[in-house]
Amino acid sequence: MAQLQLRVRSANGAEETSYFDRTPDRCPICHVAVTPTEMGVTILVEAEGDGFPVTERLLRCPNAKCRRLFIARYGRSRPQTVTYFLSSCVPAELQAIQQSEIISKVSPDFCSIYEEASKAEQYGLLLVAGPGYRKALEFLIKDFIIGQLTETDAAKLAVEKAKVEKTLLGTCIKDYVKSEQIKEIAKRAAWLGNDETHYVRKWEDKDLKDLKKLISLTLHWIEVETLTLEVIADMPEGKP
Ligand SMILES: [Zn+2]
C-alpha cells in the first residue's frame, strides 16, 4: 500500500525505515508543479501528549527560478499505523491572485475582497475565507449589474444603483441578470453562501472549492458577455 520508504532519524540518532503516502507535487514557495529533489533528511519529531508522531522531510524545489528548500510535514492518524500521510508543506508563501483586465474594470472591490478571502484560505482560516468569497461574489454580480444599467438621467441612475445595492444577492440575480448562463451559475454560487444560512453555516473545504468553481465560471461568463458587448459596440453594422 505504501508508495514510499524513507530512513527516518530520531532525536537520539537512531534510524529506522518508515512508509510515506506521497511526495508533494507543488512547491509551497513558488507554487509551480514540481517533483521536489530529495535532500535525504527526514526527522522524527517526538510526539507530545497524545503521541501522534510527526516527521519532517527536507526537500528542494527544482524550478530554476526558485530552488528553495522546504519541509514536507507528515503525520499519522493513529500512533500504531504504519504510513505517514502528507499534511502540509512549510514555509508556505501566499499565492498572489491576478484577475483579468476586464474583471478589474467591472469590479475593483471584487478583486480586493477575493484576494483577502484567498489569503485567509491559504492561512487555513476557512471560517473567514468562505464568507469572504461570498462577499466578493456579491460585489462582482452587483457591480456587473450596475455597470449594465442603461439609464441616462443621473438622478434616476443613482436611484437604480441604490436599489441594486440594497437588494439581496439572490433577488438581484433573478431580477437583473439578463444572460441565462450567468444567471444559472451565479444562482448556484449564491445558494452556497445563502443570505439566510450564512451566519450558521460552517465553511468546509468542499464548500469553498464549489463556491470558487462557481465564482470562476461566473467570472468567465462576465468576461465573455463584456467582450461580446464591446465587439458589437465597436462594429455596430456591416460594411456595404
Ligand atoms: Zn519553488
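Numerical summary
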{"read-out": "Residue satisfying condition, being more than 21 Å from THR81 (Cβ to Cβ) and basic (Lys, Arg), within set ARG68, ARG7", "value": "ARG68"}
{"read-out": "Residues of region 22-58 that turn out to be open to solvent by less than 30 Å² (accessible area, probe 1.4 Å) and touching a strand residue (DSSP E or B) at 6+ places or on another chain (Cβ under 9 Å), as a count", "value": "10"}
{"read-out": "Single unsatisfied condition, ALA72 versus (1) part of a loop (DSSP other than H, G, I, E, B); (2) within 14 Å of the ligand (Cβ to nearest atom)", "value": "(1)"}
{"read-out": "Answer from ARG22, ARG67 - the residue that is outside any strand (DSSP E or B), of a type in the set (D, E, K, R) and away from the ligand (no atom under 15 Å from the Cβ)", "value": "ARG22"}
{"read-out": "Yes/no for CYS61 being over 26 Å from ILE215 (Cβ atoms) and surrounded by 19 or more Cβ atoms within 10 Å (Cβ to Cβ)", "value": "yes"}
{"read-out": "Unique match (being at pLDDT 90 or above and surrounded by 18 or more Cβ atoms within 10 Å (Cβ to Cβ)) among ILE185, ILE222", "value": "ILE222"}
{"read-out": "Selection from region 6-45 of residues that are under 23 Å from the mean Cα position of the chain (by Cα), among the hydroxyl-bearing types (Ser, Thr, Tyr) and under 16 Å from GLY75 (Cβ atoms)", "value": "THR23"}
{"read-out": "Candidate set from region 7-19 (those that are part of a loop (DSSP other than H, G, I, E, B) and of a type in the set (A, V, I, L, M, F, W, C)); member that is least open to solvent (accessible area, probe 1.4 Å)", "value": "ALA14"}
{"read-out": "Test: residue in region 83-99 that is in contact with a helix residue (DSSP H, G or I) (Cβ under 6 Å, 6 or more places away or on another chain), away from the ligand (no atom under 12 Å from the Cβ) and not aliphatic (A, V, I, L, M)", "value": "yes"}
{"read-out": "Failed item, numbered, when CYS89 is tested on (1) open to solvent by 40 Å² or more (accessible area, probe 1.4 Å); (2) assigned to a strand (DSSP E or B)", "value": "(1)"}
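The values are calculated or read from the model by the stated rules, or taken from the named source; none is laboratory data. Owing to the predicted nature of the structure, the values given are computational and were not obtained by experimental measurement. Every residue, glycine as well, gets a Cβ built from its backbone with ideal geometry; the counts of neighbours run over all protein chains shown. Ligands, DNA and RNA are excluded from the accessible area calculation, which covers all protein heavy atoms including side chains. Shrake-Rupley method; radii C 1.70, N 1.55, O 1.52, S 1.80 Å.
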